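K.L.:
I am attaching a structure below and will ask some questions about it afterwards.
The values are calculated or read from the model by the stated rules, or taken from the named source; none is laboratory data. Predicted model, so just to flag it, every value in this text is computed and none were measured. Cβ atoms come from the backbone with ideal geometry, glycine included; neighbour counts cover every protein chain shown. All accessible areas refer to the heavy atoms of the entire protein, side chains included, with ligands and DNA or RNA removed. Shrake-Rupley method; radii C 1.70, N 1.55, O 1.52, S 1.80 Å.
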Amino acid sequence: MATYKYEGIDKKGKTVRGTVDSASEALAARELLGKGVFVDTIHEVKAGKRSRTANKGKGRGEGKKFSWKDLREMEITFGAKSTKHVGEIFFQLSLLLRSGLPLVNSMKIVSSNTKSKYYADILMDMAEQVSEGIRFSEAVKSHGDAFPTMYTSLIQSSEKMGNIDVVLHDISIYEEQKRENLDKVTSAMVYPVVVLMVGIGVLWGMIAFVVPNMTSVFENFNAELPTYTKLMLGFSSFMQKYSLVMIILIVAGFFVFRHYYGNVDGSFRQKLNKRMYDIKFLRNVYISRYTYILSFQLKEGIPLTDAMVHANANQSNIYFRNELEVVRDLVVSGTKFSEALRSRNIFPELLVAASATGEQSGNMSGLLERVSTYYGKQVQKLLGIFVSMAEPLFLVFVGGIIGFMVISIMLPLLNINSVIE
């Protein structure tokens, strides 16, 4: 049995220090966590020697690196691969913290097992900052390019409540669900996009190589060509002469559109985003995303007005975001959230009613989560309908164009053969 000196944060967010007797450092950290103390630093007290500090850098002590043997003693196994993804990194951090490991050691272990050098370096820098006495939330904030701002607020709140491991786990689940939703949309669109790209490639090949060769054949026989064949030959000739000009115009048009669309204060983007919001499918996407982010933060203890800041900032539609900012201003001035939503006349009645019920029952996060789930299912349903319709339509469209080109070439050839015979 050895004596360990520790420093950490209790459930009330206050810094606490003291000593504890235990068989090992890992068991000591676990016992303290069970008492509601989140351990920041811990080291063994030895007479005549400088204490071994678990989370000090080089030149600050003679602490040995935490080994995988310590993990096996606590029966920890990893179920997910270490990758550059934020969700998976936070998942492993929460797993180690729940097992009683100090925060700095946890970050170093995850860093050493992360394949992404970018995130590995970030985690090591954060570990160094925390070992210097900087709070974990401030270390996360210092790497704003790698971690969303919303997570900083969540982690700050968790430090006060003493449940940082729980919040990190919830963030990892949130990131996983986001990735799953994106994967569903991506996989649903793969087949239609592939069909369209293959069709465009075939058409371009025929226009660039097949049709020009057939033009000389038709000219040599000096035969009267059908109207549709003349149209195809004319289009092919036009593309041969002006394809480079068309590419330049398309690229220039893209940058012009990007310039006007990127102007946040411009009326063009505002009007276009309003038209996008009027589309049922996109509106469901916006509502589902907004309510999910809002409910996630409320569940983690973030105040409504603060949660709305991050939920609003995560909206790409500027028209929708501006309306949400008006709603937040009303809530800050004392208006109920449901009444503020109703006053704008653009939000679905289901969202307004669920918000009113959440205010009365005190379960706003739960009701908003149900709204998000409902609209998320609507999005998946509409996406499924679109994909089921897009696949045959794309096939018919591409097949029709290719068929038209084949007929435009083959019929004149058959007529020429009949004349020769």
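K.L.:
Could you say which residue among 151, 118, 174 is aromatic (Phe, Trp, Tyr), open to solvent by 40 Å² or more (accessible area, probe 1.4 Å) and part of a helix (DSSP H, G or I)?
P.N.:
One residue alone meets the criteria, 118.
K.L.:
Let me ask something else. If residue 132 satisfies all but one of (1) more than 19 Å from residue 310 (Cβ to Cβ); (2) surrounded by fewer than 16 Cβ atoms within 10 Å (Cβ to Cβ); (3) in contact (Cβ under 8 Å) with a residue 60 or more places away in the chain, what's the number of the condition it fails?
P.N.:
(3)
K.L.:
Quick one: in the range 339-368, of everything that is of a type in the set (Ser, Thr, Tyr) and without any contact (Cβ under 8 Å) to a residue 24 or more places away in the chain, which residue is surrounded by the most Cβ atoms within 10 Å (Cβ to Cβ)?
P.N.:
355
K.L.:
Pick out the one residue from 387, 396 that is among the aliphatic types (A, V, I, L, M) and either open to solvent by 70 Å² or more (accessible area, probe 1.4 Å) or modelled with pLDDT of 80 or more (or both).
P.N.:
The conditions single out 396.
K.L.:
Give the residue, chosen from 140, 198, 190, 217, that is within 24 Å of the chain's Cα centre (by Cα), surrounded by fewer than 14 Cβ atoms within 10 Å (Cβ to Cβ) and part of a helix (DSSP H, G or I).
P.N.:
Only one candidate qualifies: 190.
K.L.:
Please determine, by comparing only the residues of the range 295-338 that are surrounded by 15 or more Cβ atoms within 10 Å (Cβ to Cβ) and of a type in the set (Gly, Ala, Ser), which one is modelled with the lowest pLDDT.
P.N.:
Only one residue fits best here, namely 301.
K.L.:
Sticking with this one: For residues that are open to solvent by 40 Å² or more (accessible area, probe 1.4 Å) and in contact (Cβ under 8 Å) with a residue 24 or more places away in the chain, scanning just the range 201-212, find the one that is farthest from residue 98 (Cα to Cα).
P.N.:
Checking each candidate, the answer is 212.
K.L.:
Among the numbered criteria (1) over 23 Å from residue 183 (Cβ atoms); (2) touching a Ser or Thr at 6+ places or on another chain (Cβ under 7 Å); (3) not acidic (Asp, Glu), which one does residue 348 miss?
P.N.:
It is condition (2) that residue 348 fails.
K.L.:
Ok, one more. For the range 85-109, how many residues meet the condition of being open to solvent by less than 10 Å² (accessible area, probe 1.4 Å) and within 26 Å of the chain's Cα centre (by Cα)?
P.N.:
Looking only at that region, the number is 11.
K.L.:
Going by the structure shown, is residue 208 more than 26 Å from residue 412 (Cα to Cα), of a type in the set (A, V, I, L, M, F, W, C) and assigned to a helix (DSSP H, G or I)?
P.N.:
Against the criterion (more than 26 Å from residue 412 (Cα to Cα), of a type in the set (A, V, I, L, M, F, W, C) and assigned to a helix (DSSP H, G or I)), residue 208 does not qualify.
K.L.:
Quick one: in the range 237-283, of everything that is open to solvent by 100 Å² or more (accessible area, probe 1.4 Å) and among the hydroxyl-bearing types (Ser, Thr, Tyr), which residue is modelled with the lowest pLDDT?
P.N.:
Filtering first and then ranking leaves 260.
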